[in-house]
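Right, one structure below, let's go through it.
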Amino acid sequence: MKSTLIILGSSRNDGNTREIAELVKRKTNADFINLSDYLINYYEYEDTNREDDFIEIIDKLLQYDQIVFATPVYWYSMSAQLKTFFDRLTDLITIRKDLGRKLNNKNIYLISCSASEVEPLSFDIPFKETSAYLRMNFIAHLHVWKRNEEFSSELSPKIDKFVKIILEKN
């Protein structure tokens, strides 16, 4: 089993969230998936979207013990790319239960990025509740912010602490 995979969901391939995700990737020797590189259709009750890339991503994800989701904060919530991915997790409890069961005991982490020092009050709830429902372990959330084109120097210890938690769980 491989150690850590970072899944980026953002509307900008070279944005602030990508910058932080790449930093964490380097410090943890993680692998990386950018959801924008894949076609993931919206969840449908009729299951007509089986030809997209969702299961391909899940097959990759299942090779790892630890998953880090990275998203900017858009209107107090995760990005549309990541929300679509999360909605499609429903496939893993309906039509692909065989894959859904393999999520059990995976460690989940969250990176969020915004212009505000404080993430929205309930931003991490969908991640925590989804993890609990799928019997995964939500471990830690790193929220970072960028103002005037620079990350605050006070973020360095926060990032290092987050990285340390990931490395200790390896």
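Checked against the criterion of being touching a Pro at 6+ places or on another chain (Cβ under 7 Å) and among the hydrophobic types (A, V, I, L, M, F, W, C), segment 92-105 has no qualifying residue.
Is there a residue in segment 26-33 that is of a type in the set (A, V, I, L, M), surrounded by 16 or more Cβ atoms within 10 Å (Cβ to Cβ) and either touching an Asp or Glu at 6+ places or on another chain (Cβ under 8 Å) or over 30 Å from Ala115 (Cβ atoms) (or both)? No; the residues of segment 26-33 include none that is of a type in the set (A, V, I, L, M), surrounded by 16 or more Cβ atoms within 10 Å (Cβ to Cβ) and either touching an Asp or Glu at 6+ places or on another chain (Cβ under 8 Å) or over 30 Å from Ala115 (Cβ atoms) (or both). Within the bounds of segment 133-153, is there any residue that is within 17 Å of the chain's Cα centre (by Cα) and loosely packed, with under 14 Cβ neighbours inside 10 Å? Yes, some residue in segment 133-153 is within 17 Å of the chain's Cα centre (by Cα) and loosely packed, with under 14 Cβ neighbours inside 10 Å.
A single member of Ile108, Ile166 is modelled with pLDDT of 95 or more, part of a helix (DSSP H, G or I) and within 20 Å of Thr28 (Cα to Cα), and it is Ile166.
Remark: pairs (first residue in segment 111-138, within 12 Å of Val73 (Cβ to Cβ) and touching a residue at least 12 places away in the same chain (Cβ under 8 Å); second residue acidic (Asp, Glu) and surrounded by 12 or more Cβ atoms within 10 Å (Cβ to Cβ); Cβ separation under 6 Å; 6+ apart in sequence or on different chains) = Ser112/Glu119. Restricting the search to segment 27-64, which residues are part of a loop (DSSP other than H, G, I, E, B) and more than 22 Å from Arg12 (Cα to Cα)? Hits for segment 27-64 are Asn29, Tyr43, Glu44, Tyr45, Glu46, Asp47, Thr48, Asn49, Arg50, Glu51, Leu62, Gln63.
Being in contact with a helix residue (DSSP H, G or I) (Cβ under 7 Å, 6 or more places away or on another chain) and outside any strand (DSSP E or B): is that true of Asp91 here? So Asp91 passes the test.
Out of the residues in segment 13-26 meeting the condition of being assigned to a helix (DSSP H, G or I) and among the acidic types (Asp, Glu), tell me which one is nearest to Phe151 (Cα to Cα). Here the residue is Glu19.
The residues of segment 1-15 that are under 15 Å from Ser36 (Cβ atoms) and not aliphatic (A, V, I, L, M), listed by number, are Gly9, Ser10, Ser11, Arg12, Asn13, Asp14, Gly15.
Being in contact (Cβ under 8 Å) with a residue 40 or more places away in the chain, out of contact with any Pro (no Cβ under 7 Å at 6 or more places or on another chain), farther than 23 Å from Asp98 by Cβ and not aromatic (Phe, Trp, Tyr): is that true of Lys60 here? So Lys60 fails the test. If you filter segment 115-132 down to residues that are hydrophobic (A, V, I, L, M, F, W, C) and in contact with a Leu (Cβ under 9 Å, 6 or more places away or on another chain), you find that the one that is surrounded by the most Cβ atoms within 10 Å (Cβ to Cβ) is Phe127.
Contact map, segment 69-83: first residue modelled with pLDDT under 95, second residue surrounded by fewer than 21 Cβ atoms within 10 Å (Cβ to Cβ) and small (Gly, Ala, Ser), Cβ cut-off under 9 Å, separation 6 or more or different chains; pairs are Tyr74/Ser11; Tyr74/Ala80; Tyr74/Ser114; Tyr76/Ser122. The set of residues in segment 111-149 that are within 21 Å of Thr4 (Cα to Cα), in a loop (DSSP other than H, G, I, E, B) and among the aliphatic types (A, V, I, L, M) comprises Leu134, Met136.
The values are calculated or read from the model by the stated rules, or taken from the named source; none is laboratory data. Predicted model, so just to flag it, every value in this text is computed and none were measured. Cβ sites come from the backbone with ideal geometry, for glycine too, and all protein chains shown count toward neighbours.
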